[in-house]
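Structure first, then comments.
The values are calculated or read from the model by the stated rules, or taken from the named source; none is laboratory data. This is a predicted model, so every value here is computed, not measured. Positions of Cβ are generated from backbone atoms using ideal geometry, with glycine treated the same way; all protein chains shown enter the neighbour counts.
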Amino acid sequence: MQVYKKIMAAIDFSDHTDAVLQRAQLLAKHEGAALLVLHVVDYYWPTDTDYVLPPVDEVEEKLIEEARSRLDTLLKDTGLAHAKAIIVTGRPKQEILNVAEQEQSDLIVVGAHGHHGIAGLLGSTADRVLHRSCCDVLTVR
């Protein structure tokens, strides 16, 4: 019986990225599941864009292009070129949940990051995903 059909690894290019990808790859192979790799470009449009140079849309476009290049290289270097790469912009806490629902993921694999101070009070991305996800969530240390 196949438990997971579509596994999504949410990465942020931090030190935890390799562990998240390895675990997601292992589970996808074991389950015969499709593997998606998501990176959220954590970019917010400034409130007042009249004084922003270059135009905000160009900045966002450049950030997406850089993330795409970095993700493509990472997937190639880790032998995961077959995985579906997804890049979106927004708040990672929300976009991971949105993409998981849109893609009908059965499992989200995300890194568990330690937060201190105000970030700990507000809640980590992994914590938010864990408590609001429509599917199973695996946090990797």
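Of note:
- Filtering 26, 35 for residues that are buried (at least 18 other Cβ atoms within 10 Å of the Cβ) and over 20 Å from residue 66 (Cβ atoms) leaves a single hit, 35.
- Condition check for residue 106: of a type in the set (Asp, Glu), under 20 Å from residue 130 (Cα atoms) and at pLDDT 95 or above: yes
- Top-ranked residue of the range 123-132 - restricted to ones that are free of Cβ contacts under 8 Å to residues at least 60 places away in the same chain and touching a strand residue (DSSP E or B) at 6+ places or on another chain (Cβ under 6 Å), ranked as nearest to residue 5 (Cα to Cα): 130
- Subset of the range 2-22 (residues that are crowded, with 18+ Cβ neighbours inside 10 Å and basic (Lys, Arg)): 6
- Summed over the range 76-97, residues that are assigned to a helix (DSSP H, G or I) and either farther than 16 Å from residue 12 by Cβ or touching a helix residue (DSSP H, G or I) at 6+ places or on another chain (Cβ under 7 Å) (or both) total 6.
- When we screen 38, 26, 21 for residues that are closer than 17 Å to residue 138 by Cβ, part of a helix (DSSP H, G or I), under 17 Å from the mean Cα position of the chain (by Cα) and at pLDDT 95 or above, the only hit is 21.
- A search for C-beta distances below 8 Å between a residue of the range 19-35 that is more than 17 Å from residue 85 (Cα to Cα) and any residue that is at pLDDT 95 or above and in a helix (DSSP H, G or I), counting only pairs 6+ apart in sequence or on different chains, returns nothing.
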